[in-house]
1. State the number of residues belonging to region 169-193 that are surrounded by 13 or more Cβ atoms within 10 Å (Cβ to Cβ) and under 19 Å from Leu229 (Cα atoms).
2. Going residue by residue through region 212-226, is there one that turns out to be farther than 15 Å from Asn14 by Cβ, of a type in the set (Val, Ile, Thr) and assigned to a helix (DSSP H, G or I)?
3. Based on what the data block shows, is Arg93 assigned to a loop (DSSP other than H, G, I, E, B), assigned by TED's automatic domain parsing to the domain that holds Ala9 and free of Cβ contacts under 8 Å to residues at least 24 places away in the same chain?
4. When both residues are 6+ apart or on different chains and their Cβ atoms are under 6 Å apart, which pairs have a first residue that lies in region 251-266 and is surrounded by fewer than 16 Cβ atoms within 10 Å (Cβ to Cβ), and a second that is polar (S, T, N, Q)?
5. Specify the residue that is nearest to ligand 2 (Cβ to nearest atom); the eligible residues are those in region 31-66 that are part of a loop (DSSP other than H, G, I, E, B) and more than 18 Å from His96 (Cβ to Cβ).
6. Where residues in region 194-219 are of a type in the set (Gly, Ala, Ser) and surrounded by fewer than 16 Cβ atoms within 10 Å (Cβ to Cβ), which of them is nearest to Ala280 (Cα to Cα)?
7. Do we have Val124 as more than 16 Å from ligand 1 (Cβ to nearest atom), surrounded by fewer than 22 Cβ atoms within 10 Å (Cβ to Cβ) and within 30 Å of Val167 (Cα to Cα) here?
8. Restricting attention to region 156-199, and to residues there that are out of contact with any strand residue (DSSP E or B) (no Cβ under 7 Å at 6 or more places or on another chain) and basic (Lys, Arg), which single residue is farthest from ligand 2 (Cβ to nearest atom)?
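The values are calculated or read from the model by the stated rules, or taken from the named source; none is laboratory data. Note that the structure is predicted; figures quoted are calculated from it, not measured. A quick note on method: Cβ atoms are made from the backbone with ideal geometry, for glycine too, and the neighbour counts reach across all protein chains shown.
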Amino acid sequence: MMPSVIVEAPAKLNLSLRVVRRRDDGFHEIDSVMVRLEGLADRISLEPSEEDAFVCEAPGVPTDGSNLVLRARDLFREETGMRQPLAIRLEKRVPHGAGLGGGSSDAAAVLAGLNALWEGRVPVETLQEWAARLGSDIPFFLGSPVARVTGRGEQLGPGPTVPSLRVMLLKPGFGVSTPDAYGRWKEALPLEGMDEAPQRFSWGELVNDLERPVFRKFLFLAEVKLWLLRQEGVEGALMSGSGSTMFAVLGEGADPEALAAAARAELDPQLWIWSGRTQAG
Ligand SMILES: C[C@](O)(CO)[C@H](O)COP(=O)(O)OP(=O)(O)OC[C@H]1O[C@@H](n2ccc(N)nc2=O)[C@H](O)[C@@H]1O
Ligand SMILES: Nc1ncnc2c1ncn2[C@@H]1O[C@H](COP(=O)(O)OP(=O)(O)OP(=O)(O)O)[C@@H](O)[C@H]1O
């Protein structure tokens, strides 16, 4: 019997997300700098067994064939002919509907993990081609921790040199649907009082063209951004991907625990909050 493997599936942030145009196939051409996070990751165990099984206890995450973990498993099997039954367990730590690429990262981790069980026979470029069939964001998770992505998100290029950034993530109880966010792009009018200009840093800029359409529907997210920008030690604030996670880039003087307590007291006691670092590129 093959050995088992445990793979980590880290979350991502979009430091910049420019939407260039809507394509004829309904997808949007984007130009984005994506970074992976250090220490915020789902965990997936892939255990060769007598028959297939899949366990995921996270509320709201599908356990049927629509879960990206199973879609990645099935695609790997179709392409390689690997037949070994597997007991798969997915432990979610990354919230879903959050713009953190949780499901995408799970799919990439399964492709990489199954390839490890398959003695690394599939080159990473081929895994990335398969990944792109499952979702636009997935190839990124099989490449460098910082990358510039174009096309519908599946074309990877070298990213800028970004140091490990101190960040704080805040997510309200609701999620945002990615197709809905892209669908509202362009129609949305500017929001009064909202400065959409890129926030510039020595390593690049923070900007997200999906903020305007998403903020129009979820004004609370605009409030979170403005609140963050007023706090001491916060150097920048942005929505990640299509939301609903808002993140702050923290200066060395910021106190994440005090910030989290203030956010819960002043914005929403139910906020999910995580603080840590991005992986350096
Ligand atoms: C918002 C981001 O997270 C930013 O990194 C991604 O662009 C989303 O990528 P994803 O979740 O992997 O998206 P997919 O699963 O490929 O697509 C879901 C849906 O989002 C919309 N979509 C997605 C990617 C893209 N470049 N343009 C789009 O219009 C399409 O309606 C698509 O049917
Ligand atoms: N392994 C998975 N983990 C989480 N959600 C999954 C998974 N597989 C399928 N889904 C479905 O996909 C939806 C979006 O989840 P996901 O975590 O990928 O969203 P997201 O944070 O918006 O990602 P992105 O940043 O790629 O837009 C979920 O609400 C769920 O129905």
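1. Residues in region 169-193 being surrounded by 13 or more Cβ atoms within 10 Å (Cβ to Cβ) and under 19 Å from Leu229 (Cα atoms): 5 in total.
2. Yes: region 212-226 contains one or more residues that are farther than 15 Å from Asn14 by Cβ, of a type in the set (Val, Ile, Thr) and assigned to a helix (DSSP H, G or I).
3. On the way: assigned to a loop (DSSP other than H, G, I, E, B): yes; assigned by TED's automatic domain parsing to the domain that holds Ala9: yes; free of Cβ contacts under 8 Å to residues at least 24 places away in the same chain: no.
When the stated conditions are applied, Arg93 does not pass them.
4. Sorted first by the residue in region 251-266, then by its partner, the list stays empty.
5. Just the residues of region 31-66 that are part of a loop (DSSP other than H, G, I, E, B), to begin with: 49-52, 57-66.
Filter once more, so that each one left must be more than 18 Å from His96 (Cβ to Cβ): 49-52.
Values: Ser49: 20, Glu50: 24, Glu51: 21, Asp52: 16 Å.
Looking at residues that are part of a loop (DSSP other than H, G, I, E, B) and more than 18 Å from His96 (Cβ to Cβ), I get Asp52.
6. Pass one, region 194-219, residues of a type in the set (Gly, Ala, Ser): 197, 202, 204.
Filter once more, so that each one left must be surrounded by fewer than 16 Cβ atoms within 10 Å (Cβ to Cβ): 197, 202.
Numbers: Ala197: 25, Ser202: 14 Å.
Among them, the one singled out is Ser202.
7. Working: more than 16 Å from ligand 1 (Cβ to nearest atom): yes; surrounded by fewer than 22 Cβ atoms within 10 Å (Cβ to Cβ): yes; within 30 Å of Val167 (Cα to Cα): yes.
So Val124 fits the description; yes.
8. Of all residues in region 156-199, those out of contact with any strand residue (DSSP E or B) (no Cβ under 7 Å at 6 or more places or on another chain) come to 161, 163, 172-181, 183-184, 186-197.
So of that shortlist, the ones also basic (Lys, Arg) come out as 184, 186.
On the way: Arg184: 14, Lys186: 19 Å.
Going through the qualifying residues, I end up with Lys186.
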